[in-house]
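Report on the following structure.
The values are calculated or read from the model by the stated rules, or taken from the named source; none is laboratory data. Just so you know, these numbers come straight off a predicted model, no measurement behind them. Here the Cβ positions follow ideal geometry from the backbone for every residue, glycine too, while neighbour counts run over all protein chains shown.
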Amino acid sequence: MIVGTIAAHPFDDAIYAQHAQFFYFLGVNPAYGLPMGLYYDVINIGGYFFTIVASIAGISNVLSIQLGVKIPFIVFTFLTAYFLCKVIEEMGHDGHIAALLLLTSPIYFFTSVIYGSAIVVSMFFLIASVYFLLKKNTLVSAALYGMSVGSYLYPVFSIPFLLRYVNNEKGRKEALLFLAVAAATAAIGQLSVLYVYYRVGYYAGSPSNPSGYISPGSVSYYSIFDMLNVFGLAGRIPGEFYNYVYYGSALVASFSYFLLKKEKVGRESLVSSLLIQGVLFSALNPYNLPSYIASVIPFAIIIAVVYRRWMIIGLLWFIYALSFGVMQTINSVGFLIYFSDVNLKILAIRNFYPPVLNDDLGFLYSFALLCLIPIVLKLKKGTVMRLKKSLIAQLSTISALAVVALIILAPVASSVPSGMFLESSLNTFHANQVSESLNGTSLVVTYSVPLVGLMESKYTNYLEGYLTLPSNQYVAVNDPGTTSLQRASFSEILELPFPLIDPTLELFGSSYGNVTAGISNSSFRVSSQTAMHLEGRGITYSFRVNATLSGSYTLDLETNIPMYFHNQSSVALYIAGVPSVGKVVVNGSELQGSFIPGSFLKPTMTVIYSGPYEKIPPFGIPVVIQLEKSLGEPIFLSIEDGGMAFVFLVLMPPLILLSYIIRKGFVRD
């Protein structure tokens with residue numbers, strides 16, 4: 001609880017706080033703010049409830065928000081440990097130390113207490129499902145398995161061997177019942193995600209959450225493909241390849257279960273198959289995160305205890321070390337960044353790690369995970385298992401994490417940011433750009449503003465918007481190629497297909513000298529002396545053009561020094577500036593300036609920017625929405641719903657478990 005209060009994925013608590021504002025103050029279902037599946041959204045409501053109650057009581061700071069977010073994860077982690085113990089006992093072994101082994105696992109601890117990932121919730125449903133499956137309660141097991149898929153998509157690949165196991169144990173009728181119930185409960189969770197994306201206009205894209213259906217087509221951290229970055233090959237492989245490798249291997253692993261002889265289909269093979277699916281998910285998934293190994297740890301512990309093999313626990317420890325190594329080399333701050341919400345000075349840390357180190361560690365992490373597959377497939381039962389020694393070692397690791405947390409907190413304990421994220425007025429948010437096209441020489445952009453159609457109607461009267469031209473520079477001309485050093489004055493044609501206001505022209509020279517640039521067409525010419533500043537490999541020569549440019553121009557450069565004109569590794573010549581926008585029409589009404597009256601804001605807005613545009617510019621024009629009215633008091637019905645979610649999904653499970661432990665005796669006499 002201490003570590004969870006003062007540590008978080010950097011600034012994610014701000015997102016959760018804003019969702020709490022949406023739900024409790026504006027009456028917006030949190031599914032529209034962070035669609036992660038119905039079950040997880042309801043659990044989130046319970047986490048928000050703690051934060052809102054603390055806010056009503058006058059406590060609103062980063063600590064209360066982070067604690068509220070983490071309470072559900074901590075509760076479900078303890079519940080997972082309990083059912084892990086019961087699964088091992090059903091398989092004929094003592095599960096008590098194994099349960100503590102899960103609770104003290106450094107990465108599982110990190111995932112539930114610091115990182116705060118929904119996979120912790122999904123794993124609870126999956127482990128509980130396995131327990132009831134071993135108890136031959138098909139209906140409850142199927143419902144829990146479906147809820148696991150409804151919270152995180154990856155367990156769906158387990159359905160083939162789960163069905164074969166049920167068919168072997170209880171017959172085809174029970175297998176079909178399992179499939180029907182699991183499909184229904186999974187659909188309730190996942191179809192709600194698809195509905196949200198359809199409802200708010202994202203039906204053309206895949207969900208942006210980790211339970212998404214198509215992952216980004218790139219090499220991420222913690223990937224076996226990190227080695228491609230070392231050799232510069234990652235960009236040469238189509239992004240779809242990484243998805244094919246993961247989904248293909250997951251399907252092969254699922255259906256290969258049918259190759260087992262009937263007498264081999266049993267509890268051990270079922271748990272081994274679930275472990276293999278977790279390994280593939282956490283080692284090959286293109287969108288990889290440190291939390292994904294939570295899908296491996298419980299099943300690896302079960303296999304290690306059942307087979308009495310220290311090797312699996314030892315390999316897990318090696319993987320933990322590699323995971324923390326990747327974490328430390330992702331950025332200059334490393335692992336300590338998870339405490340930066342409380343101590344902002346941490347962000348000033350500037351360690352340097354060569355990129356190849358991060359790639360090597362990521363590759364080794366995934367490779368070590370994949371090594372679990374042949375180990376599990378070839379395992380024979382042994383006689384030695386150092387559970388207690390492993391538990392003592394893990395307890396020392398968790399204690400070290402707690403000490404680090406307290407050391408970081410101590411210097412800033414009196415200055416924790418108060419009201420840092422949960423304010424009395426809603427932060428600004430952006431309309432989402434859905435599509436853009438050209439109509440003659442005008443740019444037509446469609447924006448989605450989902451909250452306008454979802455919040456309590458009384459608040460929409462206090463909305464206002466602003467069109468914001470990009471404030472940073474956008475490259476209009478970028479012509480990298482083979483390295484070329486121009487040693488004399490030269491001319492070049494510049495094509496500017498859309499208007500730029502007061503653009504800047506920049507070139508790179510090899511040394512200081514006299515450089516003059518002229519830009520002209522048949523009716524226009526501007527020429528000026530350059531301004532200079534140092535760059536890493538030479539001198540930047542910068543020219544400001546006090547005019548609006550659009551169309552075809554000739555660049556004349558007069559210089560007495562060699563000039564870089566093309567360069568493969570960096571931009572050697574570019575002209576950039578703020579795009580010009582003439583008349584702006586929103587939903588048929590012309591705007592005066594950049595202000596958008598609240599009456600113009602609709603769930604879907606069509607904005608026409610006059611050009612002339614000859615093609616769609618490579619940037620989006622943001623629409624910023626603001627709520628001018630104070631949020632006031634939370635909506636009573638939302639407090640009631642949140643309180644029910646908190647009691648029944650956060651407090652009730654551990655209370656029921658506690659009563660069961662007292663009645664049955666979790667600890668033996």
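Whenever a residue of the stretch 131-142 is under 15 Å from G171 (Cα atoms), its partners that are acidic (D, E), lying with C-beta atoms within less than 6 angstrom and at least six residues away or across chains, give the pairs L134/E90; T138/E174.
In this structure, does L100 turn out to be surrounded by fewer than 24 Cβ atoms within 10 Å (Cβ to Cβ) and closer than 25 Å to V404 by Cβ?
Spelling it out, L100 is indeed surrounded by fewer than 24 Cβ atoms within 10 Å (Cβ to Cβ) and closer than 25 Å to V404 by Cβ.
Among the residues of the stretch 107-135, write down those that are of a type in the set (A, V, I, L, M) and more than 30 Å from V265 (Cα to Cα). Of everything in the stretch 107-135, those that are of a type in the set (A, V, I, L, M) and more than 30 Å from V265 (Cα to Cα) turn out to be I107, V113, I114, A118.
With respect to S340, determine if the residue is touching a helix residue (DSSP H, G or I) at 6+ places or on another chain (Cβ under 7 Å) and farther than 24 Å from F225 by Cβ.
So S340 passes the test.
Could you go through the stretch 332-346 and let me know if any residue there is in the same structural domain as R267 (by TED's automatic domain parsing), at pLDDT 85 or above, closer than 16 Å to L316 by Cβ and not in a loop (DSSP other than H, G, I, E, B). No, the stretch 332-346 contains no residue that is in the same structural domain as R267 (by TED's automatic domain parsing), at pLDDT 85 or above, closer than 16 Å to L316 by Cβ and not in a loop (DSSP other than H, G, I, E, B).
Only strands (runs of 3 or more DSSP E) whose full extent lies in the stretch 470-567 are considered here, and the ones with at least 2 residues that are touching a strand residue (DSSP E or B) at 6+ places or on another chain (Cβ under 6 Å), of a type in the set (S, T, N, Q) and at pLDDT 80 or above are 515-521, 548-559.
Here A250 meets each of (1) surrounded by fewer than 19 Cβ atoms within 10 Å (Cβ to Cβ); (2) over 25 Å from L100 (Cβ atoms) with one exception, condition (1).
Is there a residue being aliphatic (A, V, I, L, M) and free of Cβ contacts under 8 Å to residues at least 60 places away in the same chain anywhere in the stretch 16-36?
no
Within the stretch 58-81, restricting attention to residues that are farther than 25 Å from L153 by Cβ and assigned to a helix (DSSP H, G or I), which residue is nearest to the chain's Cα centre (by Cα)?
Q66
For F619, indicate whether it is assigned to a loop (DSSP other than H, G, I, E, B), within 28 Å of the chain's Cα centre (by Cα) and not aliphatic (A, V, I, L, M). It is true that F619 is assigned to a loop (DSSP other than H, G, I, E, B), within 28 Å of the chain's Cα centre (by Cα) and not aliphatic (A, V, I, L, M). For the stretch 587-616, the set of residues classified as within 17 Å of L454 (Cα to Cα), in contact (Cβ under 8 Å) with a residue 60 or more places away in the chain and either of a type in the set (S, T, Y) or part of a loop (DSSP other than H, G, I, E, B) (or both) consists of L601, K602, P603, T604, listed by residue number. Could you tell me whether the stretch 354-372 includes any residue that is over 19 Å from M227 (Cα atoms) and modelled with pLDDT of 85 or more? Yes: the stretch 354-372 contains one or more residues that are over 19 Å from M227 (Cα atoms) and modelled with pLDDT of 85 or more. When you scan the stretch 290-299, do you find a residue that is aromatic (F, W, Y) and surrounded by fewer than 20 Cβ atoms within 10 Å (Cβ to Cβ), even just one? Scanning the stretch 290-299 turns up no residue that is aromatic (F, W, Y) and surrounded by fewer than 20 Cβ atoms within 10 Å (Cβ to Cβ). One residue stands out in the stretch 164-218 among those that are modelled with pLDDT of 80 or more and hydroxyl-bearing (S, T, Y): the one that is farthest from S256 (Cα to Cα), namely T185. Assess whether S589 counts as being in contact with a helix residue (DSSP H, G or I) (Cβ under 7 Å, 6 or more places away or on another chain), at pLDDT 85 or above and polar (S, T, N, Q). Here the answer is yes, as S589 does meet what is asked.
Here the stretch 436-463 is the region considered, the condition is being under 29 Å from the mean Cα position of the chain (by Cα) and assigned to a helix (DSSP H, G or I), and the residue that is farthest from V584 (Cα to Cα) is L454. Sub-7 Å Cβ pairs linking a first residue in the stretch 108-129 that is in contact (Cβ under 8 Å) with a residue 60 or more places away in the chain and of a type in the set (K, R) to a second residue that is part of a helix (DSSP H, G or I) and surrounded by 24 or more Cβ atoms within 10 Å (Cβ to Cβ), at least 6 apart or interchain, number zero.
Among the residues of the stretch 126-156, those that are hydrophobic (A, V, I, L, M, F, W, C) and buried (at least 23 other Cβ atoms within 10 Å of the Cβ) comprise L126, I127, A128, V130, L133, A142, L144, M147, V149. Scanning the stretch 634-656 turns up one or more residues that are surrounded by 15 or more Cβ atoms within 10 Å (Cβ to Cβ), in a loop (DSSP other than H, G, I, E, B) and at pLDDT 75 or above. In the list M311, M227, which residue meets the criterion of being assigned by TED's automatic domain parsing to the domain that holds V87 and under 21 Å from M91 (Cβ atoms)? From the options M311, M227, the qualifying one is M311. What are the residues in the stretch 377-394 that are closer than 15 Å to E268 by Cβ and either loosely packed, with under 15 Cβ neighbours inside 10 Å or modelled with pLDDT of 90 or more (or both), if any? Hits for the stretch 377-394 are L377, K378, K380, K381, G382.
Selection of first residues in the stretch 244-273 that are closer than 23 Å to F132 by Cα and of second residues that are outside any helix (DSSP H, G or I) and at pLDDT 90 or above, restricted to Cβ pairs under 7 Å at least 6 apart or on distinct chains, gives the following pairs, ordered by first then second residue: R267/M91.
So which of L270, L284, L274, L280 is buried (at least 19 other Cβ atoms within 10 Å of the Cβ), assigned by TED's automatic domain parsing to the domain that holds Y145, over 30 Å from G171 (Cβ atoms) and in contact with a Leu (Cβ under 9 Å, 6 or more places away or on another chain)?
L284
Here Y247 clears all of (1) within 24 Å of L126 (Cα to Cα); (2) outside any helix (DSSP H, G or I) except the condition numbered (2).
For the stretch 37-57, which positions are of a type outside the set (A, V, I, L, M) and part of a helix (DSSP H, G or I)? Listed by number, the residues that qualify are Y39, Y40, D41, N44, G46, G47, Y48, F49, F50, T51, S55.
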